[in-house]
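The values are calculated or read from the model by the stated rules, or taken from the named source; none is laboratory data. Keep in mind the model is a prediction, meaning the values are calculated, not measured. Here the Cβ positions follow ideal geometry from the backbone for every residue, glycine too, while neighbour counts run over all protein chains shown.
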Amino acid sequence: MSHHPTATVILALGSNLGDRMANLRAVPAALPPYTCVFACSPIYETEPWGYTDQPAFLNQVIAGKTRLQPLTLLRRLKKLEVQIGRTPTFRNGPRLIDIDMLFYNDLILESPRLTLPHPRLHERAFVLTPLADIAPELRHPVLHKTVRELLAATDRAGVKFYSYLNRSNL
Ligand code: PH2
Ligand code: MG
Ligand code: MG
């Protein structure tokens, strides 16, 4: 494969069906060698947002180094969602795993398949709370605010700490 410069990518993970911790855990485990995770936030249990008549989510944010271009990485992530067991439902509906790209360096991209930074991350305490644990001073390249500042403007009521660790052998 051709060599691309390494980029930092930040991903939001969510699961509200099946073994939620195992579903989250499967993501950093499956990403090497083209993407390697170097930071994992704690895990939060969060009230469903958008469509409320469904089980509570576990949410986490992870950061990695990748040699894949954004759309190549997106294709990999969509494939991984299916490998973990995701089946099609409706918008904001329940899922075994959701992997959303939040940032790819400070790239600003608007394409039919991918918008970077993620267009709704600044409204979502279930994303900003774990994101602030690993990257509080990260500045949003469009909104020009830090993650800490964005989080302060959201309602964190439905976001509860769940676990620091996600190990299968505890
Ligand atoms: N994801 C959604 C819709 N609603 N709510 C919570 N709490 N957590 C999520 O990850 C989530 C959601 C669409 O991706
Ligand atoms: Mg999502
Ligand atoms: Mg998604």
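Does residue 127 satisfy the condition of being surrounded by 14 or more Cβ atoms within 10 Å (Cβ to Cβ), away from ligand 3 (no atom under 16 Å from the Cβ) and hydrophobic (A, V, I, L, M, F, W, C)?
When the stated conditions are applied, residue 127 does not pass them.
Of the residues 46, 89, which is of a type in the set (Ser, Thr, Tyr) and either touching a strand residue (DSSP E or B) at 6+ places or on another chain (Cβ under 9 Å) or closer than 22 Å to residue 134 by Cα (or both)?
Step by step, each of 46, 89 is checked, and only 46 is of a type in the set (Ser, Thr, Tyr) and either touching a strand residue (DSSP E or B) at 6+ places or on another chain (Cβ under 9 Å) or closer than 22 Å to residue 134 by Cα (or both).
For the stretch 154-170, name all the residues that are more than 18 Å from residue 47 (Cα to Cα) and either of a type in the set (Gly, Ala, Ser) or modelled with pLDDT of 95 or more (or both).
Hits for the stretch 154-170 are 164, 168.
Just to be sure, is residue 91 over 21 Å from residue 141 (Cα atoms), in a loop (DSSP other than H, G, I, E, B) and charged (D, E, K, R)?
yes
Scan the stretch 50-61 residue by residue and report those that are surrounded by fewer than 21 Cβ atoms within 10 Å (Cβ to Cβ) and closer than 22 Å to residue 74 by Cβ.
50
Does residue 64 satisfy being in contact with a strand residue (DSSP E or B) (Cβ under 8 Å, 6 or more places away or on another chain), away from ligand 2 (no atom under 16 Å from the Cβ), in a strand (DSSP E or B) and modelled with pLDDT of 95 or more?
yes
Scan the stretch 22-58 for residues that are touching a Phe, Trp or Tyr at 6+ places or on another chain (Cβ under 9 Å) and either away from ligand 2 (no atom under 16 Å from the Cβ) or touching a residue at least 60 places away in the same chain (Cβ under 8 Å) (or both) and jot them down.
Residues satisfying the conditions are 42, 43, 44, 45, 46, 47, 49, 57, 58.
Test of understanding: among 141, 112, 119, 136, which residue is within 14 Å of ligand 1 (Cβ to nearest atom) and either modelled with pLDDT of 95 or more or on the phi < 0 side of the Ramachandran plot (or both)?
119
Counting residues that are of a type outside the set (Phe, Trp, Tyr), buried (at least 20 other Cβ atoms within 10 Å of the Cβ) and away from ligand 3 (no atom under 16 Å from the Cβ), which strands (runs of 3 or more DSSP E) fully inside the stretch 1-46 reach at least 2?
Correct list: 35-40.
Across the stretch 147-170, what is the number of residues that are closer than 29 Å to residue 29 by Cα and either within 16 Å of ligand 3 (Cβ to nearest atom) or not charged (D, E, K, R) (or both)?
Residues meeting the conditions: 13.
So residue 103 ticks every box in (1) touching a strand residue (DSSP E or B) at 6+ places or on another chain (Cβ under 7 Å); (2) away from ligand 2 (no atom under 15 Å from the Cβ); (3) within 25 Å of residue 21 (Cβ to Cβ) but one. Which box is left unticked?
Checking residue 103 against (1) touching a strand residue (DSSP E or B) at 6+ places or on another chain (Cβ under 7 Å); (2) away from ligand 2 (no atom under 15 Å from the Cβ); (3) within 25 Å of residue 21 (Cβ to Cβ), the one that fails is (2).
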